[in-house]
Structure formats: structure tokens, C-alpha cells
Amino acid sequence: MDRRGQGEQRQGRFIRRRWGRGSSRRWTSEDPWNRYNGAESSFRSRERTASSTSSTSSSSSSSGATSDVPELPGFYFDREKNRYFRLLPGHNNCNPLTKEQLQAKEREKKRSMMLLEDNKLRKKAPRPGCNSTLLHKQTQLGLVSEKYFCRRIHEVRASTMRRHKLNLQTSDHSSPDKDNFRFIMADSKCEQIFTVNDSSHGGCKYGLMKLGASQSSLSLERCDSFYFTNHTVNSTCWASINYTDSHVLLCLVGAADTLGCVSLLPASLFWSSHTQVPGRLRSLKICSAWSCAWCNNPFMSNTVSIGLSRKVILKNAVSGETCTFKVNTDVLTQQFALHEPLLYNGCRSGEIFSIDLRLRGSRRENWKASSFHQESAITSVRVLEDENYVMAADMLGQIKLWDVRKTKPVMEYAGHYNEHAHLPIHISEPEGLLLAVGQDCNTRIWSLKDARLLRTIPSPHPVSNNLIPSIIFSSNLGGSRGLTGLLMAVESDLYFYPYNSDEQDVSR
């Protein structure tokens, strides 16, 4: 037998010893190669399932992440190519892909699509049979109730709100103001707007704008004087000492070497035409102030509240009388009730509690009038006209309407997006609307009575956590005979969204 035949014989004996005499290998699911093929086929089947699901479903979560595609560790799903790609951190990659970058890219793509759709002329009703003419006829014939008519007419008006850019008038026309807005706040008459802007020299600046209205147009005039600070403006509210909204209460966060402060500034201080400063100009040095509120209840006139780390301070702005309540967490937001002597506080722990102001100065340990909790840090608390109900928003994006008597939520408004930002909510009870700007820079409008999401307005500028729009909604923008609509400040621009159909023509 030659060498070739001996080699084949030895190879045959080796195979018989390993797999058994007279038997051939049977490929079962326990084989490593088969397990690899199974994993690959499972991966591809999930990919096909995800792509088919994405083509049939267009719903998405409030955070912008796709909920219909399974998330695989170390991979991301590209909807344009309908397949998964591996995330490779490091390996000298100068621009590694991260989950945050992919989510930001997807949010920006959705914003562009929403903005394109929002710019189109709306000729159709938001739903079949929902238009103002038909609703009026049905109401006159008694076919629909007044409650149904109000809800539907607000839905029609919200769907027809269109964007108009406003021109801001300044005393110095040669150097227009291009500093980005941080937030805006209107007084009770919506004739003055307190603004906080980024400063080109660092820090921020704050001042006032005059808001006027005529027929179907708005006009804005910037104040002559600005005040600059290196501190962060944490909270503001209007204060009434000499007359309604005569002062601005300003809460500044302390820096590394300097303490923060809570200042009470006359509104006339921002206009160069004033001859003397009326009222008081006071400042209280405080280490860490998170929030402030002014009491308009006659029972507690001239009273200011300051929310700090682990305590609440009540102070009379005229007499200087001070009362302190100790708590176990940071107080991030506050609001006084108008008729009842109550102060509502929202905390970092998720607790919402009220303080009975009649117990100030007493030594009672149980001074909380009511207390209830949400799942995350509270960012905004608003007391409704019926003071048995309180609206609260938290950092999980949950907005709930609470019945204070039962300390239970009676309604939840879904769709708001927030992860960690201190974002306010806005309530307009004459129109029955709730408005909130999310961390995705979208402005959402809900029906206050049935929690239906009526409209989502995209930001006119690219999405950024540092450029979240600030809004004002009122039925008297510009004064008692003003316009109804939404005023939005984003970057260095101001936009007006008229709410009534007869105000859609001109806006400057």
C-alpha cells in the first residue's frame, strides 16, 4: 500500500474513533456552528421585523425614541437603511456615534418635517366634521352640547394658529439686539414683558419690553436700560407694592465665590425717562435660592416667599418680618393661592405641599395643610381659579391635575417631554388650554377639561437644550383690548401665533 492509501486509512480510523463506527455526523442545534447560524438568523429576523413594523407604524414616544424597534445593546437602528449598525466606541474614531447624537438627529429630522407641515396652508378641519361653521349650526339646532361645542371650537382654533415673526423696536436702530432669549414673563395686563437674555460679554442681562396691540397686529419696544449679572437667573415673578406689578422679584443663584441674592426691583428702573425711583430697591443675600413667589392675597399683603435648600422663608417686603419653615428637600417652585391663605411648594423629592399662612409664628410642628407626591422633581406648580385643584409638572414629563381635598390626581396630560430641565407650564382658563414647552423644543397645547392634545408646534430653530423656547399665552396681549394668542421667544427672535381666525391677517 502506498503512502497515500496509508494516510486515508489512518484518517478513516480517526474519524471512526471520534464520531463512532459506521456513523456520520448529525448536525443538531447543540453544535456551535448551528448556534452561530441561529443567532445570525434571529438577528436578521428581528431586523426584518423591525423594518416591517417601522413601515406600518408611524407612532413614536414623547422622547423621540422609536418604541416599535427593539433596542439591541451595542447597535443602533437606521430607519433610512432599515438595518442595524454596530456602535464602535474608541478605536481612534474621531467622531464616535452615541445614543444622544442619534436621538438629537432624529428629533431634528422630525422637527423639520413638522415645520414643513406646519407652514402649509390648513384648508381641512383637524378631524372630519370639525369646523366652526358646522359646529355653530349644530349648536343652534341643539344637536350638540355647549361643552362639546367649546372643546371642538378650541380644537379648530388651535389647528389654525400660524407663525408670524415680530420686529423688535429699539432706541438704537444702528445696533439691533441679537442676544438669545432665556425666558420671558408678562405682567397681569400683558403690557410689559420682563426678559432675560444671554450677554455677548458672558453672563446674562435683564430688562423690559413694552407690548402694544392694534387691530390684528402686535408691536414690541425694547427698554432703554439693561442690567448685567454674572449670576444665573433662577426664578422671577411680578410684585405689587405701590400698584399692580410695580416691581420685579428676581432670584439669582450664587457663584463659587459670591452668594446669591433675591432682589426687588422697581419696573420703572429699566426706563431711562423716569426721574426718580418709586418704591423700594431691596436685595437679600442668600446662599442657594431656587424659587420665589409674591402673594397677592389681601390677607398677606406685601409678602414674598423664597424657596431654598431645606427651608422656606416668608418675608414682609415692607416691615421686614420673617418666618422660616424647615423642610427635608430643595423647594424648586412656588405659588400662592389667590383667595385662600395657602402657599403651594414643589420639591426636588417630588413632594407637593401647602403651607397655611395663618400658622406663621406658631410653634406647631405639623404646619403642612396638605401633601402629595409625584414620581420625580417638581418643575412647576399652578393653582387654578377653583383652588381645590392644582396642576403640577415634573422632570419625567408628567403633568397631573390634583384634587387637593382628596390628594389624588384626577387627570393626566400625556405627551410632554422632559428629562432634567426646569420647565414651566402655562394655563389659560378663559380659553380652557394648558400649554408647555418640552425639552425637545416642541410647544404642546392640551384641552384643559379633557386632557386632549390639540396641537404640537415645532420650534422655528434647530433643537438645542440651551435654546428651549419661552412662551406667553394670553387673551389680552398688548392690553385689555389686546389680541389672543401665543408669544414665543427663541434664540434672538420673537414670534406671534394668533389664536382667533380673524387675527390671522397681519402681524408685525
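Structure values in brief
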{"item": "Protein accessible area in region 420-508, 1.4 Å probe - carbon and sulfur %", "result": "42"}
{"item": "Of K81/K105; K109/K205; K110/K205, those spanning more than 23 Å from alpha-carbon to alpha-carbon", "result": "K109/K205; K110/K205"}
{"item": "Accessible surface of region 300-393, 1.4 Å probe, proportion on carbon and sulfur as whole %", "result": "40"}
{"item": "Exposure rank, largest accessible area first [F228, F496; 1.4 Å]", "result": "F228, F496"}
{"item": "Distant-in-sequence amide H partners of L166 (H built 1.01 Å from N, under 5 Å)", "result": "L494, Y495, F496"}
{"item": "Phi-based couplings in Hz for region 295-302 (Karplus 6.51, -1.76, 1.60; Gly and Pro marked x)", "result": "9, 9, 6, x, 5, 10, 5, 6"}
{"item": "Area accessible to solvent at K311, 1.4 Å probe radius, in Å²", "result": "80"}
{"item": "Protein-only accessible surface order, largest first, of E117, E375 at 1.4 Å", "result": "E375, E117"}
{"item": "Other-chain or far-sequence residues with amide H under 5 Å of T379's (modelled H)", "result": "A393, D394, M395"}
{"item": "Distant-in-sequence amide H partners of Q192 (H built 1.01 Å from N, under 5 Å)", "result": "D187, L211"}
{"item": "Between region 365-422 and region 461-494, the alpha-carbon center distance in angstrom", "result": "24"}
{"item": "Exposure ranking of M209, M411 by accessible area [1.4 Å probe, largest first]", "result": "M411, M209"}
{"item": "Test item: Cα-centred dipole of region 178-275, Lys/Arg +1 and Asp/Glu -1 on Cβ, debye", "result": "100"}
{"item": "In Å², nearest 10: area of Y148 left accessible to a 1.4 Å probe", "result": "80"}
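The values are calculated or read from the model by the stated rules, or taken from the named source; none is laboratory data. Note that the structure is predicted; figures quoted are calculated from it, not measured. Counting neighbours? That spans all protein chains shown, and the Cβs are built from the backbone with ideal geometry, glycine included. With ligands, DNA and RNA removed, areas are computed over all heavy atoms of the protein, side chains included. Shrake-Rupley method; radii C 1.70, N 1.55, O 1.52, S 1.80 Å.
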